[in-house]
Amino acid sequence: MRILFYDTKSYDEEFFREANKGYADIEVDFLKTDLTPKTAPLAEGFDAVCAFVSSDVGRKTLHVLHGRGVGLLLMRCAGFNNVDLDAAKEYGIRVMRVPGYSPEAVAEHAMALALAANRRLYKSYNKVRENDFSLVGLMGVNFHGKTAGIIGTGKIGAAMCRICRGFGMRIIAYDVYENPSLSEFVTYVTLDELLMQSDLISLHCPLMDSTYHMINIDTIKKMKDGVILVNTSRGGLVKTNDLIEGIRLHKFAGVGLDVYEEETKNVFEDRSDEILENSTTARLLSFPNVMITSHQGFFTREAMKAIAETTLQNAVDYVRGAPSPNDVS
Ligand code: NAD
């Protein structure tokens, strides 16, 4: 079994090579370039490719992969909104993912963003470095006693609920399914009720047609003034131009984004020497109450280890022809 990894950084190689020591029958190779229709021919001679959140796994790419004999697409992430599943099915390419490598990694980052945006930690860090010890512009609110609204209470949302409970918050949630493990301390409400009651709103549902742009100017206007919004799920959940309008309307005390619509070109790249044209991200960053990180929610040692092990186990299940809960279909 030969797997070609696309879009890899030094840390991917480190963790996958380490995990691969336990899989004598799997040969791995790593490419820095991302998976696109142009780079897909490089998979000639490989049984599987491994791709990530920004890979272009649309119909064209899958067509090329199929032509090169690739039968398995291993996503080393939970989300798969960048994969054309209909095309994969048509070409007989099995798609597998890593659904829950470390929900706490992402949930802890969501809370970190909420706290950093609330207390303007990015500003205070820079101010103190410049010997500016004044507190003007740094005032936040207590989270204790406030209401956290969690949208999507799967693995990560549930972890976020538990963290918010630790902060002494009241927790309400909106999901299409109720998570029974949260029944003791989470109250499910409608989306409108959540928007109207929450002091902190954290997004943890997947990006699908039904959730695309769920945060738009209409839903933003329903939110409380002074709300803190955090998105660690997928950029497309939030309509960026409407978010900017909402910020200009002084709706938000803070906004913390680990994901945003324009991120695909940026994710995990150093673009510090480039002039970014027409960037709504740059406009977002111009606001004092917005903190953006670059899709790093998953990035802990524990999560990387679990991603590597599950991905290689997925490859083993593929070779055995065994069904798996990690199949995407
Ligand atoms: P999960 O499948 O365990 O949970 C998703 C939850 O969303 C489920 O409970 C589901 O019922 C709910 N949901 C589905 N449709 C909904 C809707 N219309 N409205 C409200 N809720 C809805 O997934 P998870 O492991 O908790 O991951 C959640 C998301 O986090 C992933 O889809 C992925 O996009 C994102 N993620 C981000 C990072 C990061 O590094 N920032 C890492 C991993 C995952």
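The values are calculated or read from the model by the stated rules, or taken from the named source; none is laboratory data. As the structure is a computational prediction, the values presented were derived from the model and not from experiment. Note: ideal-geometry Cβ built from the backbone for every residue, glycine included; neighbour counts use all protein chains shown.
A few remarks follow.
- Contacts under 7 angstrom Cβ, first residue in the range 146-160 being more than 9 Å from the ligand (Cβ to nearest atom), partner modelled with pLDDT under 95 and of a type outside the set (A, V, I, L, M, F, W, C), 6 or more apart: none
- Hey, Y212 aromatic (F, W, Y), touching a Phe, Trp or Tyr at 6+ places or on another chain (Cβ under 8 Å) and surrounded by fewer than 19 Cβ atoms within 10 Å (Cβ to Cβ) or not: no
- Residue, surrounded by the fewest Cβ atoms within 10 Å (Cβ to Cβ), within the range 86-133, restricted to residues that are small (G, A, S) and touching a Lys or Arg at 6+ places or on another chain (Cβ under 7 Å): G100
- Taken together, the residues in the range 282-300 that are within 16 Å of the ligand (Cβ to nearest atom) and more than 16 Å from the chain's Cα centre (by Cα) amount to 0.
- Residue in the range 174-181 that is of a type in the set (S, T, N, Q), more than 21 Å from K251 (Cα to Cα) and in a helix (DSSP H, G or I) present: yes
- At least 2 residues being in contact with a helix residue (DSSP H, G or I) (Cβ under 9 Å, 6 or more places away or on another chain) and under 19 Å from C205 (Cα atoms) is the threshold, and among the helices (runs of 4 or more DSSP H) wholly inside the range 219-329 those reaching it are 240-248.
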